[in-house]
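Some notes on the structure that comes next.
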Amino acid sequence: MSTLADKTIAALRSNHDELAARVRAFDEHDLARQSGSSQWDVAQVLSHLGSGAEIALATLQTGLAGRPGLDQDFNKSVWDRWNAMSRQEKAEGFLRAGEQLVTGFENLDAAARQELHVKMAFLPFPADVALLSGMLLNEAALHGWDVRVAFDPQATISAQEADTALEQLTGPLNFMVAFLGKPEALGSTQAILRVETTDPRRVFGLVLGPTISISDAPADVDGVLSGPAEALLRLLGGRLDVAHTPHALTITSDAVTLVQLRRVFPGI
């Protein structure tokens, strides 16, 4: 039976292969394009993905070896090296580091995928493979979109990535929603929305209170947010401005508007 870890690793492979095929054809002009991330060009997005892949692989390897988790000095040394690269070097580095990371996950046997736990400095508990790969998939899905939208204004997150990332966010990765959400953007307003997604079809609650969270499907709600799962993921990741909001995404509520939700989830 396929586990969430298996499903997430497969989605990471698909994400990397699709993006890598594009990156191999990029020239200097392509790499200099403004990405979907307001602060980065395409090469900088690839640098973020590549340096993150390098750090994640080292983290995975320390867990497999039973060594202590990596510290912030290690991460900074990786970021400094990547920041000093040329645009072309960042693209080539992304291809190499991304492939090595995905292969590292694929080489884990069934026991490791179920039993391995890795210490991470920013988590109060060790992460299992499902959680570690889930955090990486959330990043890869959003930043893959950042690259694609630079060339296609109608770009979306793939159905496979949306399905798996949403399963993660409504499961082991649900703590991320509190990290992404900024409740102060609503002032004193509090609300519970019923969220209904398509591709895949899921129903759950979005709690907009002193802390932003995801819940089981609520009985009493202050509105309904419905639309494609990939658009919801981009909303949570701060990538659903007016120009990139599909007509199929709608909100029916007297308590909160889509404009306010965009402020709650500004992205990072």
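Return the only residue of GLN72, GLN61, GLN39 being within 15 Å of ASN107 (Cα to Cα) and of a type in the set (S, T, N, Q). Step through it out loud before you land on a result.
Working: GLN72 fails: within 15 Å of ASN107 (Cα to Cα); GLN39 fails: within 15 Å of ASN107 (Cα to Cα).
Of GLN72, GLN61, GLN39, the one residue that is within 15 Å of ASN107 (Cα to Cα) and of a type in the set (S, T, N, Q) is GLN61.
When you go through ASP216, ASP199 one by one, which is the residue that is acidic (Asp, Glu) and free of Cβ contacts under 8 Å to residues at least 40 places away in the same chain? Step through it out loud before you land on a result.
Numbers: ASP199 fails: free of Cβ contacts under 8 Å to residues at least 40 places away in the same chain.
Result of the check over ASP216, ASP199: ASP216.
From the list ALA229, ALA248, ALA243, which residue is over 21 Å from PRO183 (Cα atoms) and touching a helix residue (DSSP H, G or I) at 6+ places or on another chain (Cβ under 6 Å)? Steps first, please.
On the way: ALA248 fails: touching a helix residue (DSSP H, G or I) at 6+ places or on another chain (Cβ under 6 Å); ALA243 fails: touching a helix residue (DSSP H, G or I) at 6+ places or on another chain (Cβ under 6 Å).
None of the other options fit; the residue is ALA229.
So, in segment 36-53, of the ones that are more than 16 Å from the chain's Cα centre (by Cα) and surrounded by fewer than 22 Cβ atoms within 10 Å (Cβ to Cβ), which residue ends up nearest to VAL118 (Cα to Cα)?
Of the residues in segment 36-53, the ones more than 16 Å from the chain's Cα centre (by Cα) are 38-44.
Narrowing the set further to residues that are surrounded by fewer than 22 Cβ atoms within 10 Å (Cβ to Cβ) leaves 38-41, 44.
On the way: SER38: 32, GLN39: 31, TRP40: 30, ASP41: 32, GLN44: 28 Å.
Once the filter is applied, the top-ranked residue is GLN44.
Yes or no, residue by residue, for (1) in contact with a strand residue (DSSP E or B) (Cβ under 8 Å, 6 or more places away or on another chain); (2) not hydroxyl-bearing (Ser, Thr, Tyr):
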position	(1), (2)
GLY205	yes, yes
SER215	yes, no
ALA219	no, yes
ALA229	yes, yes
SER253	yes, no
VAL259	no, yes
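Just checking, how many residues over segment 234-268 are in a loop (DSSP other than H, G, I, E, B) and either of a type outside the set (Val, Ile, Thr) or under 22 Å from the mean Cα position of the chain (by Cα) (or both)?
Adding up the residues that qualify gives 16.
When the residues of segment 12-23 are narrowed to those that are hydrophobic (A, V, I, L, M, F, W, C) and more than 10 Å from VAL102 (Cα to Cα), which ends up surrounded by the fewest Cβ atoms within 10 Å (Cβ to Cβ)?
We begin by selecting, within segment 12-23, every residue hydrophobic (A, V, I, L, M, F, W, C); these are 12, 19-21, 23.
Of the ones still in play, those that are also more than 10 Å from VAL102 (Cα to Cα) are 19-21, 23.
Values: LEU19: 22, ALA20: 16, ALA21: 9, VAL23: 22.
If we take residues in segment 12-23 being hydrophobic (A, V, I, L, M, F, W, C) and more than 10 Å from VAL102 (Cα to Cα), then ALA21 is surrounded by the fewest Cβ atoms within 10 Å (Cβ to Cβ).
Residue-by-condition table, conditions (1) among the polar types (S, T, N, Q); (2) under 16 Å from the mean Cα position of the chain (by Cα); (3) at positive phi:
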| residue | (1), (2), (3) |
| --- | --- |
| ASP71 | no, no, no |
| ARG96 | no, no, no |
| ALA111 | no, no, no |
| ALA121 | no, no, no |
| PRO126 | no, no, no |
| GLY134 | no, yes, no |
| HIS143 | no, yes, no |
| GLN160 | yes, yes, no |
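Take ASP109 and decide whether it is in contact with a strand residue (DSSP E or B) (Cβ under 7 Å, 6 or more places away or on another chain) and more than 24 Å from ASP41 (Cβ to Cβ).
Numbers: in contact with a strand residue (DSSP E or B) (Cβ under 7 Å, 6 or more places away or on another chain): no; more than 24 Å from ASP41 (Cβ to Cβ): yes.
No; evaluated as a whole, the condition is false for this residue.
Every number here is computed from the coordinates shown, using simple stated rules; none is lab data. Here the structure is a predicted model, which is why all the values come from computation and not from measurement. Ideal geometry is used to build each Cβ from the backbone, glycine not excepted, and the neighbour counts take in all protein chains shown.
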